[in-house]
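Presented below is the structure to which this report refers.
Each value in this text was obtained by applying a stated rule to the coordinates, not by laboratory testing. All of these numbers come straight from a predicted model, not from anything done at the bench. Glycine gets a Cβ as well: all are built from the backbone with ideal geometry, and neighbour counts include every protein chain shown.
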Amino acid sequence: DRRIKIAPSILSADFADFGREIRAVEEQGADWVHVDVMDGHFVPNLTFGPPAVKAFRPHVKGVMDVHLMIAPVDPYIEAYAEAGADLITAHVEAGPHVHRTLQAIRATGKKAGVALNPGTSLEAVEYVLDLCDLVLVMSVNPGFGGQKFIHSQVDKIARLRGMIGDRPIHIQVDGGVDANTAPLVAKAGADVLVAGSAVFRGGSVAQAEIYGGNIRAI
Ligand code: DX5
Ligand code: ZN
């Protein structure tokens, strides 16, 4: 199977020391760093504006993957691209014009992703796959780390893998991913696994065995 990439979410990291936390996960083999942007409107939580993402940038050696849980999303795409995102993911539910949103992300020169909440069908992204480098399947209702994995999304991942075929589009899974659920989603066809609490809440990243040794146990 394609090499599985781990994208630790810094939403569960120590908010007083992001530099150290980012270095720690990258030293442990993380390929991507997942930055959860929340606006307190699209989701009931509030996190990082463009200035914060800009501050993270110099500490991230790998891919800085910015997950925008905001609505409207279009007015902020430029700012997050400027802040240094390598990949910007917008929610299909964030507004009526996801095709235009993905075009706008691509126009910044960044990679584009589209995210689906657990209740949203795959059909919602069928006509924008040609604009995507990644499809994010939420396996929790967005807003918080440490929630329980929603198992119905495993079937969605498998069907999405079929829909994508051999196109170079990542399937990213986000929410409740840990050593038990990671093999399920990888087998179904996911190749980028976001993990927040499984990586950071275990005390330190060294104590997190996520999948296939990507984030090694001590
Ligand atoms: C939730 C975020 C997820 C979250 C994952 O809205 O999009 O990235 O940080 O956290 P865990 O891995 O703890 O479920
Ligand atoms: Zn996320």
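Using 0.36 nm times the number of residues separating ALA107 and HIS151, minus their current alpha carbon distance, what extension gain do you get?
Result: 12.3 nm gained on full extension.
How much mean residue ellipticity at 222 nm does the chain get from its helices, if each DSSP H run of length 4 or more adds -39500 (n - 2.57) and you divide by all residues, to the nearest 500 deg cm²/dmol?
Values: 7 runs with 56 residues, N = 218.
-7000 deg cm²/dmol, from helical runs alone.
Among the chymotrypsin sites (Phe, Trp or Tyr not before Pro) within the stretch 49-94, which fall in a DSSP loop and have no more than 16 other Cβ atoms within 10 Å of their own Cβ? The partial results should precede the final answer.
Numbers: sites: PHE56, TYR76, TYR80; in loops: none.
Passing sites in the stretch 49-94 do not exist.
What pairs in LYS5/LYS148; LYS156/LYS187; LYS111/LYS156; LYS111/LYS187; LYS61/LYS110; LYS54/LYS110 have C-alpha atoms more than 18 Å from each other?
Checking Cα-Cα distances, LYS5/LYS148; LYS111/LYS156; LYS111/LYS187 exceed 18 Å.
Per residue Cα convex hull volume for the stretch 19-81, in cubic angstrom?
Values: hull volume 5.1 nm³, N = 63.
About 81 Å³ per residue, rounded to a whole number.
What residue among GLY175, GLY49, GLY109 has the largest mean-square fluctuation in a Gaussian network model of the chain, using Cα springs under 10 Å?
It is GLY109.
Could you give the length gained on full extension between ASP130 and ALA79, defined as 0.36 nm per residue of separation minus the Cα-Cα distance, in nm? It would help to have the intermediate numbers written out before the result.
Values: separation 51, 0.36 × 51 = 18.36 nm, distance 2.39 nm.
Between ASP130 and ALA79, full extension yields an extra 16.0 nm.
Give me Rg/Rg_expected for the stretch 90-164, where Rg uses Cα atoms only and Rg_expected = 2.2 N^0.38 Å with N residues.
1.11
Using 0.36 nm per residue of separation minus the Cα-Cα distance, give me the extension gain between GLU27 and ARG100 in nm, one decimal. Write out the running numbers ahead of the final one.
Details: separation 73, 0.36 × 73 = 26.28 nm, distance 3.74 nm.
In short, 22.5 nm is gained.
Would you pull out the residues with amide H under 5 Å of GLY84's amide H, same chain only if 5 or more places away, H placed 1.01 Å from N?
none
Going through the stretch 111-203, which trypsin sites (Lys or Arg not before Pro) have at most 16 other Cβ atoms within 10 Å and a DSSP loop state?
Numbers: sites: LYS111, LYS148, LYS156, ARG159, ARG161, LYS187, ARG201; in loops: LYS148, ARG201.
When the trypsin sites (Lys or Arg not before Pro) of the stretch 111-203 are filtered for loop state and at most 16 Cβ neighbours within 10 Å, LYS148, ARG201 remain.
Starting from 0 in steps of 5 Å, tell me what percent of the Cα-Cα pairs of the chain lands in each bin.
Pairs per bin, as whole percents: 1, 8, 17, 21, 22, 17, 10, 3, 0, 0.
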